[in-house]
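Please read the structure below before turning to the comments.
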Amino acid sequence: LELARPLAGTGAGRGRAAAMLGSCTYLENYLESVANLPSEIRRNFALVRELDMKVQESDEALRAKREAFMSSKRRRGFDSSTNKEEGKLLKEMKNELQVMLAAADEKVGLAALTYDLIDKHIQRLDDELTKFDEELQHNDVATADLDTADVDVGAHAPRSLPASVAAALAA
């Protein structure tokens, strides 16, 4: 592949080639760092789904206990004191509510964890883009210096580019 020679014949071409090499490095590093991100997000969402199922089961149990309690109160009268069976139902309803609240808290924690995970990767991408932009600006200054020095760097240019860089240049 002879892409480097025509680009490297001038100072501006050499700067573009260096920038492409740099962008591939930044891109490869970033892609490597986010390779596990989808699986981590998928795992967190699967846990949230499991917690949702647990809450739904608790909600169904709570509804059944509430109906049993209300049925008992209708039979005995709402003004009557709570009997042993009704007291047991109230305690069980309280336990179901506590299970539901704990699951909701855990879901909120998982959502926050997922948000932080994604935010961390976005911040890293922003940092990498800033570094890349600074490198491009530095290369533009260096390229301008090479153009004014009238130096032929074509003789020292590589004959071929790695496949990843060639693909980036072709795109």
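None of the figures in this text is laboratory data; all of them are computed from the coordinates on show. None of the values given here were measured: they were computed from a predicted structure. Cβ placement follows ideal geometry from the backbone for every residue including glycine, while neighbour counts extend to all protein chains displayed.
The table below gives the values:
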| read-out | value |
| --- | --- |
| Semi-axis lengths (Å, descending) of the ellipsoid that matches the C-alpha gyration tensor of segment 58-131 | 50, 9, 7 |
| Segments 82-95, 29-42 sorted - mean Cβ within 10 Å per residue, highest first | 82-95, 29-42 |
| Spacing of the two label points (7 Å from each Cα toward its C-beta) at residue 125 and residue 74, in nm | 5.6 |
| Theoretical gain in end-to-end length, residue 117 to residue 33 [0.36 nm per residue, Cα-Cα removed] | 29.1 nm |
| Given 54/84; 73/107; 107/131, the pairs whose alpha carbons are separated by over 30 Å | 73/107; 107/131 |
